[in-house]
Amino acid sequence: MTLSTTLLWLLCFAMIYLIFTSFILIRNRFELTPILNENSDDLNNSKVKISVCIPARNEEVNIGRLLDSIVTQKYNHFDVHVLDDQSEDRTFEIVQAYHDQYPDLIHLHRGEKKPSDWLGKPWACQQLGNYAKGQILLFLDADTTLKPNLISSVSAAFTNYDIQMLTVWPEQILGTFWEKCVIPLVYYALVTILPSIYVYRNPRWMPNWAALKLRNSFAAACGQCIAIKNKTYIAMGGHGSVKNRIVEDVELARVLKSNGFNMRMFHGVNSISCRMYLNEKEMFNGFRKNFFTGFNHSLILFIIAAVIHLIVFILPYLTLFYSLTTGYGALFYLSIGSIGLVLLHRLILALWFKWNPIYAFTHPLGVLWFQRLGLVSLMDLILGKKKEWKGRTL
């Protein structure tokens, strides 16, 4: 088989992949609905109490902004629990000032020493779950910011759907160049691979026995914003069921679904935003701590995903140049088609999540950034290197 023929077959695979994921993206654009509910203001006087739970470790930069956005919420029946997880900065003092100003609304707790068989965030969340008494527990990361309708919209979602848990993918605030190149690829993977409606209900085309067996395969969650009924949380063992899991949000969704409960995903444009990382180094270390875990510790799946990304997102640029030098028309058109579809996907995503559309053209840079991250993660695995996050070894 000649080089040109091999490249032609690889590009055919890329086109088939992109056409298939195009259908998933279009479907998600309609079915991954906003958490914002037009009738949520009607629930402002709801008797359903919501306890907002915020784990905070070294969050002096973020925690004030989040609490400012919480005290302006339109919902009337909620309280806030912040757990200072043995911070080494001014987190405790900042939250204490808010507690002094809003003593009936904001409650501050000192985190207990982490048991050796727990990871930090699940342990902090479990303590918060023990303190909170609301009928719904709303777990938020400290780097999120809420619009005034968020809590009322969460209450409305539980009223409108037969669910025991929900998760919201926030509107990501992107500052630096590398944030704008990399962070959108996380959402790109989500909305082009997973039909979000299957997190909520079984695929109608799938036999019941198969749907039951594969139920956990359609579990996904974003730990930046998760709400769960308190009774359900207790029944499934709380965060104790995922106490040693680095990707605790996805694992929590899997435990919930394996226990026969139901959940739904939403997007948070105009309701909740998040600035995940402030620079490239912080972003690299943040993804590095759980990148391999995201592939369920499967080396084969990890390698397959890397190869597919190179074929689909990088190869078309190389074959475009090759086709111009060789005059091979089929390669040229397949290369242009593949690049065009990816750009279309990214432009749809940019308009959806309010990102600068010019960064759709940096998609190959983002893919190569993740390839580098993958190689480093693979070396961490081979060398048995421990990862650290916020001063703790994972």
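For the reader, a short list of remarks on this structure follows.
- Distance (nanometres) between label positions extended 7 Å along Cα→Cβ at Ile234 and Leu324: 6.6
- For the stretch 175-217, taking Cα atoms only, Rg and Dmax work out to 15.4, 47 Å respectively.
- Whole-number Å³ per residue for the convex hull built on Cα positions in the stretch 328-394: 133
- Each Cα pair under 8 Å and six or more residues apart adds its sequence gap; the mean of these over the residue count of the chain is a relative contact order of 23 percent.
- DSSP beta bridges in the chain [antiparallel fraction, %, rounded to 5]: 35
- Per-residue ³J(HN,Hα) for the stretch 244-253, Karplus 6.51 cos²θ - 1.76 cosθ + 1.60, θ = phi - 60°, Hz, x for Gly and Pro: 10, 9, 5, 8, 5, 5, 5, 5, 5, 5
- Couplings 3J(HN,Hα) of the stretch 371-376, computed from phi: 5, 4, 4, x, 5, 5 Hz, in residue order, whole Hz [Karplus 6.51 cos²θ - 1.76 cosθ + 1.60, θ = phi - 60°; x for Gly and Pro].
- Amide H to amide H, with H built 1.01 Å from N, Lys289 comes under 5 Å of no residue 5 or more places away or on another chain.
- Under 5 Å, built H, 5+ apart or other chain: amide partners of Phe78: Ile50
- The string of couplings for the stretch 357-369 from the Karplus curve (6.51, -1.76, 1.60, θ = phi - 60°) is x, 4, 7, 4, 7, 9, 3, x, 4, x, 5, 5, 4 Hz, one whole number per residue in order, with x for Gly and Pro.
- Shape box of the stretch 176-299 [Cα atoms, principal axes, largest first, Å]: 46, 38, 33
- Cross-link pairs Lys243/Lys387; Lys47/Lys213; Lys133/Lys257; Lys47/Lys390 - those with Cα-Cα distance over 29 Å: Lys47/Lys213; Lys47/Lys390
- For the chain, the mean residue ellipticity at 222 nm estimated from helices alone is -15500 deg cm²/dmol, where every DSSP H run of n ≥ 4 contributes -39500 (n - 2.57) and the total is divided by all residues, rounded to the nearest 500.
- If you wrap the stretch 113-177 in the convex hull of its Cα atoms and look at it from every side, the mean projected area works out to 7.1 nm².
- Stokes-Einstein D in µm²/s, Kirkwood radius over Cα pairs - the stretch 272-365 at 25 °C with 0.890 mPa s viscosity: 155
- Averaging Cα coordinates gives a centre for the stretch 166-214 and one for the stretch 283-298; these two points are 17 Å apart.
- With contacts taken as Cα pairs under 8 Å at a separation of at least 6 residues, the stretch 239-300 carries a relative contact order of 31 percent.
- Amide proton proximity set for Ile173, modelled H, under 5 Å, gap of 5+: Cys274, Arg275, Met276
- Stretch gain in nm, segment Asn285-Glu31, where the contour uses 0.36 nm per residue and the Cα spacing is subtracted: 88.2 nm
- Rounded to the nearest 10 Å², the accessible area of Val95 at probe 1.4 Å: 0
The values are calculated or read from the model by the stated rules, or taken from the named source; none is laboratory data. These numbers come from a predicted model, not from an experiment. Glycine also receives a Cβ, built like all others from the backbone with ideal geometry; neighbour counts cover every protein chain displayed. We work out accessible area using only protein heavy atoms, side chains counted, and drop any ligands, DNA or RNA first. Shrake-Rupley method; radii C 1.70, N 1.55, O 1.52, S 1.80 Å.
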